[in-house]
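Shown next, in structure tokens, is the structure this report addresses.
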Amino acid sequence: MIDIKDITPGASYACRFRVVTMLDETGNPAQLQIGEAAQGPGEYEGLGVIRTRDLESEMVIVVDTQTQHEYTVSFEHIWDIDTVEWNDG
């Protein structure tokens with residue numbers, strides 16, 4: 001496993017993460033239109049590509065691979081950090 005403090009700037013990494021966010025009826029992050037109801041706030045775990053890391057605040061911005069939502073997550077709520085291999089397929 002890679003420690004978040006040891007990642008190389010400019011390289012691509014992904015991680016598992018946990019956030020509290022508004023969820024839909026299926027337990028996924030809500031993507032609501034006007035007039036639609038959400039299930040309410042809840043815990044969501046996802047896989048995200050690390051976009052930005054801030055060592056001073058110990059926060060990262062991750063882009064969820066399932067929803068493309070961006071989340072700001074503390075170091076303590078990310079794990080399984082690994083390099084990303086991009087392909088054209």
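The values are calculated or read from the model by the stated rules, or taken from the named source; none is laboratory data. On a predicted model such as this, the values are computed, not experimentally measured, just so you know. Every residue, glycine among them, receives a Cβ derived from its backbone with ideal geometry; neighbour counts consider all protein chains shown. Just the protein is used for accessible areas: all its heavy atoms, side chains included, with ligands, DNA and RNA removed. Shrake-Rupley method; radii C 1.70, N 1.55, O 1.52, S 1.80 Å.
Do we have ILE2 as at pLDDT 90 or above and either in contact with a Pro (Cβ under 9 Å, 6 or more places away or on another chain) or in a strand (DSSP E or B) (or both) here? Taking the combined requirement at face value, the residue does not satisfy it. Applying the selection to the stretch 63-89, what residues are closer than 18 Å to GLU43 by Cβ and open to solvent by less than 40 Å² (accessible area, probe 1.4 Å)? Matches in the stretch 63-89: ASP64, THR67, TYR71, VAL73, SER74, PHE75, ILE78. Scanning the stretch 37-62 for residues that are aliphatic (A, V, I, L, M) and open to solvent by 30 Å² or more (accessible area, probe 1.4 Å) yields ALA37, ALA38, LEU47, VAL49, LEU55, MET59, ILE61.
Looking for something assigned to a helix (DSSP H, G or I) and touching a residue at least 24 places away in the same chain (Cβ under 8 Å) - is there at least one such residue anywhere in the stretch 63-79?
Going through the stretch 63-79, the residues assigned to a helix (DSSP H, G or I) turn out to be 75-77.
Next cut, touching a residue at least 24 places away in the same chain (Cβ under 8 Å) only: 75, 77.
Yes, the stretch 63-79 contains a residue that is assigned to a helix (DSSP H, G or I) and touching a residue at least 24 places away in the same chain (Cβ under 8 Å).
Scan the stretch 58-79 for residues that are of a type in the set (D, E, K, R) and closer than 13 Å to LYS5 by Cα and the total you get is 2.
Across the stretch 5-20, which residue is nearest to the chain's Cα centre (by Cα) among those that are hydroxyl-bearing (Ser, Thr, Tyr) and modelled with pLDDT of 95 or more? If we take residues in the stretch 5-20 being hydroxyl-bearing (Ser, Thr, Tyr) and modelled with pLDDT of 95 or more, then TYR13 is nearest to the chain's Cα centre (by Cα).
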